[in-house]
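Asker: Please read through the structure below; I'll follow up with questions.
The values are calculated or read from the model by the stated rules, or taken from the named source; none is laboratory data. Predicted model, so just to flag it, every value in this text is computed and none were measured. Positions of Cβ are generated from backbone atoms using ideal geometry, with glycine treated the same way; all protein chains shown enter the neighbour counts. Please note that ligands, DNA and RNA were not included when accessible areas were found on the heavy atoms of the full protein model with its side chains. Shrake-Rupley method; radii C 1.70, N 1.55, O 1.52, S 1.80 Å.
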Amino acid sequence: MTIHCPYCNGVTTSTIQTKDYNRGVSEDTFDYSRCSTCGFVFLNPVPSNIGKYYLSDYYDIPQNLDQLRLLAEKQKHKLRTIQDLAPMGTLLEIGSSYGDFAYLAKQAGYDVSAIEMDERCCQFLRVEVGIKAYQSNNPTETLADLGQYDIIA
């Protein structure tokens, strides 16, 4: 069965299969595909019940921007990676949580948007961080309505 890229519709190949080593909330295995045209790597298929992997205590939202600034220090290596590829432009972060990386990218001059499924995090992103935040647990569907970005993280 041929899987097409949700971003450019190119043909994809299965790239990696892995367990949730990051959060460790299940023993489920996840498949990722890579587009041979644009290089986009994505979870395939996205579980229909993806919310079960993000428990209610998953998001410990900072009290203010000072706390966010301290938490964001750990994400600077990610910012350096994208700056090498695209020093400026539009950036969409999928699954941004409360926005430590999104905050850094905005501070570096990127026009940042986010797709996040937690409404409290979206509110924090909009009000405190000052970025466009789209609340959705179906990023593929939401992405289709947003247009092009220079970087998707």
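Asker: Provide the per residue accessible area, probe 1.4 Å, for the chain, rounded to a whole number of square angstrom. Walk me through the numbers on the way to the answer.
Answerer: Numbers: 9110 Å² over 153 residues.
With all protein chains present, the chain gives 60 Å² per residue.
Asker: Residue farthest toward the positive end of the dipole of the range 12-153, with Cβ of Lys/Arg at +1 and Asp/Glu at -1: which of Gln17, Tyr53, Phe40?
Answerer: Of the candidates, Phe40 comes out farthest on the positive side.
Asker: Let me have the 222 nm mean residue ellipticity of the chain computed from DSSP H runs of 4+ only, each contributing -39500 (n - 2.57), with the sum over all residues rounded to the nearest 500.
Answerer: Numbers: 5 runs with 38 residues, N = 153.
-6500 deg cm²/dmol, from helical runs alone.
Asker: From the cross-link list Lys52/Lys132; Lys76/Lys106; Lys52/Lys106, which pairs have alpha carbons spaced over 19 Å apart?
Answerer: Working: Lys52/Lys132 25 Å; Lys76/Lys106 12 Å; Lys52/Lys106 30 Å.
Lys52/Lys132; Lys52/Lys106, as the Cα separations exceed 19 Å there.
Asker: Can you send over the carbon and sulfur percentage of the accessible area for the range 66-124, probe radius 1.4 Å, protein chains only?
Answerer: Details: 1560 of 2910 Å².
The computed percentage sits at 53.
Asker: Distance between the C-alpha centers of the range 110-153 and the range 1-64? Whole Å please.
Answerer: Value for the Cα centre distance between the two parts: 16 Å.
Asker: Pull out a ≥ b ≥ c, the square roots of the eigenvalues of the alpha-carbon gyration tensor of the range 60-146, then state rounded if a/c is under 1.5, prolate if not and a/b is larger than b/c, and oblate in the remaining case. Walk me through the intermediate numbers first.
Answerer: On the way: a/c = 1.88, a/b = 1.07, b/c = 1.75.
Oblate.
Asker: What dipole magnitude, in Debye to the nearest 20, does the chain give about its Cα centre under +1 on Lys/Arg Cβ and -1 on Asp/Glu Cβ? Spell out each step's value before the answer.
Answerer: On the way: 13 positive and 19 negative charges, 63 e Å.
In debye, rounded to 20, the chain gives about 300.
Asker: Rounded if a/c is under 1.5, else prolate if a/b beats b/c, else oblate: with a ≥ b ≥ c from the C-alpha gyration tensor eigenvalues square-rooted, which is the range 39-111?
Answerer: Details: a/c = 2.56, a/b = 1.16, b/c = 2.20.
Oblate shape, in that a/c is at least 1.5 and b/c is the bigger or equal ratio.
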